[in-house]
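> One structure follows; several queries about it will come next.
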Amino acid sequence: MRLYTVQVNTPVGGIQRLMAEQQGHLVDLNAAGGVYYAAQGDANPQQLADANLPNDMITFFHNGKRSLDAGYAVLAYMEEAKPQAGLDGKQLVYDMQAVTILAPVTRPNIVFDGMVYEGHVKHHYGEIPAGYYKRPVWNTQSGSTVVGTGAPLFKPKYTEMCDFEFEMGFYIGKSGCNIKPEEALDYVAGFTVFNDMSARDAQADEAVMALGPAKGKFFRNSLVMGPCVVTKDELPDYDDLAMTARVNGEVVTENRTSGMLFSLGELVAKISEDAYLHPGDFIGLGTSPEGNATCSKLGRWLKVGDEIEFTIEKIGTICNKVVE
């Protein structure tokens, strides 16, 4: 299932809805769920839809198989019955262009960003530190700077080395501690495209004190996720998908999600060692080998006016423009 968090404009302002893609359109799962359960003869159809098909992505993840099964059942009903309106006349289907697509989880509890690709580490450090091969490593960031496709990328006033990082990431679907590598996929809700913006000069200054990332990563709209989350049942080949980056329409990166030194399971196991992961937590697998501005064909830092497009096969594209 391809799940979106969107903002719909109403007479009383914008409201967030959770929708699923079907034949190029978006189905409001909660509203459609009310019609579906009414057709099944349920006495309280909207209450059942609210429980099984919530408008909050984290709650949807937390519900696990119950919400996933309900979503597939509703989409099948929409395809077969083609109802024209929901209970109380609610709109059921939207054009993509009629809504504002937000990050799938608009404010993750926490963002973990791994480094599983040797090519990125070599570019970043020159020579790969021996310690890199001992265990997966990551940094942690705040979910408060997360935005979706179409949002402006504000170039920090304090950097002359504004960079992008092209990654695939995933959301945790259920709570767990000391997760075994072979069980890690049981805790994954789904995958998305990730742009981890960086101020490299600030990041380098912070690294001297063995701290950070601070302002090297933490600035307005610095974490882009989307356009949707593809549930893991529809992406069994997540570890071998084409990754294409464009800047101002020109292809600058062509990588694949394969070639990870550490597996998704190893990364999840290490992050969850004596610590809990919870639904809605986000983990980036790390920047692809040519997934930075200077190690891509772009060969320079980002500047105001640059438009960045990241596409991962079977997931989708995020597109954002750098502004002052």
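The values are calculated or read from the model by the stated rules, or taken from the named source; none is laboratory data. Keep in mind that this is a model prediction, so the values were computed, not measured. Cβ atoms come from the backbone with ideal geometry, glycine included; neighbour counts cover every protein chain shown. Just the protein is used for accessible areas: all its heavy atoms, side chains included, with ligands, DNA and RNA removed. Shrake-Rupley method; radii C 1.70, N 1.55, O 1.52, S 1.80 Å.
> What does the charge dipole of the stretch 264-314 about its Cα centre add up to, to the nearest 20 debye, if the Cβ of each Lys and Arg holds +1 and the Cβ of each Asp and Glu holds -1? Walk me through the intermediate numbers first.
Working: 5 positive and 9 negative charges, 54 e Å.
So the magnitude is around 260 debye.
> How do 170-182, 282-294 rank on mean C-beta neighbours within 10 Å, highest first?
Numbers: 170-182: 18.1, 282-294: 24.5.
Ranked by mean Cβ neighbours within 10 Å, highest first: 282-294, 170-182.
> Tell me the relative contact order for the stretch 250-302 as a rounded percent, counting alpha carbon contacts under 8 Å between residues six or more apart.
Working: 24 pairs, mean separation 27.3, N = 53.
Contact order relative to length: 52 percent.
> Now, a different point. Just to confirm, what accessible area per residue do you get for the stretch 82-212 at 1.4 Å probe, in whole Å²? Could you put the intermediate results ahead of the total?
On the way: 6230 Å² over 131 residues.
I get 48 Å² per residue for this part.
> Along the charge dipole of the chain, pointing to its positive end and built from +1/-1 on Cβ of Lys, Arg, Asp and Glu, which listed residue (Trp301, Gln23, Val105) has its Cα farthest out?
Trp301
> A follow-up question, please. Counting only protein chains, not ligands or nucleic acids, how are Glu183, Glu206 ordered by accessible area (probe 1.4 Å), most first?
Working: Glu183 70, Glu206 35 Å².
Per-residue accessible area, sorted high to low, gives Glu183, Glu206.
> Also, I was wondering about something else. Rg/Rh for the stretch 133-210 to two decimals, with Rh computed the Kirkwood way over all alpha-carbon pairs.
1.02
> I'd like to compare 226-233, 56-63, 82-89, 19-26: which one has the highest average count of other Cβ atoms within 10 Å, and what's the full order after that? Before the final figure, lay out each step's value.
On the way: 226-233: 23.4, 56-63: 21.6, 82-89: 12.5, 19-26: 17.5.
My ranking of the peptides, most packed first, is 226-233, 56-63, 19-26, 82-89.
> Sort 302-310, 185-193 by the packing proxy (mean of other Cβ within 10 Å over each peptide's residues), most packed first.
Working: 302-310: 17.7, 185-193: 22.6.
Ranked by mean Cβ neighbours within 10 Å, highest first: 185-193, 302-310.
> Also: To the nearest 20 Debye, how big is the dipole of the chain about its Cα centre, given +1 on the beta carbon of each Lys and Arg and -1 on that of each Asp and Glu?
Numbers: 27 positive and 41 negative charges, 121 e Å.
Magnitude of the dipole: close to 580 debye.
> Considering only protein heavy atoms and a 1.4 Å probe, what is the carbon-and-sulfur percentage of the accessible area of the chain?
50 percent
> Related question: Could you report the stretch 12-64's accessible area per residue, 1.4 Å probe, as an integer in Å²?
Numbers: 2250 Å² over 53 residues.
Each residue of the stretch 12-64 exposes 42 Å² on average to a 1.4 Å probe.
> Which whole-number percent is the relative contact order of the chain (Cα, under 8 Å, 6+ apart)? Kindly include the intermediate steps, with their values, before the conclusion.
Details: 754 pairs, mean separation 71.5, N = 324.
So the answer I get is 22 percent.
> In the stretch 1-96, which trypsin sites (Lys or Arg not before Pro) are in a loop and have at most 15 other Cβ atoms within 10 Å, using DSSP for the loop call? Mind dumping the intermediate values first?
On the way: sites: Arg2, Arg17, Lys65, Arg66, Lys90; in loops: Lys90.
The qualifying sites are Lys90.
> Moving to a separate point now. Charges on Cβ only, +1 for Lys and Arg, -1 for Asp and Glu, centred on the Cα centroid of the stretch 1-139; of Tyr4, Gly34, Ala73, which one is farthest towards the dipole's positive end?
The residue sitting most towards the positive pole is Tyr4.
> Apply the Karplus parameterisation 6.51 cos²θ - 1.76 cosθ + 1.60, with θ equal to phi minus 60°, to every residue of the stretch 38-46 and state each ³J(HN,Hα) to the nearest whole Hz, in sequence, with x for glycine and proline.
5, 5, 7, x, 5, 6, 10, x, 6
> Defining a contact as two alpha carbons under 8 Å apart and six or more residues distant in sequence, what relative contact order in percent does the stretch 198-324 show?
Averaging sequence separation for qualifying contacts and normalising by length gives 26 percent for the stretch 198-324.
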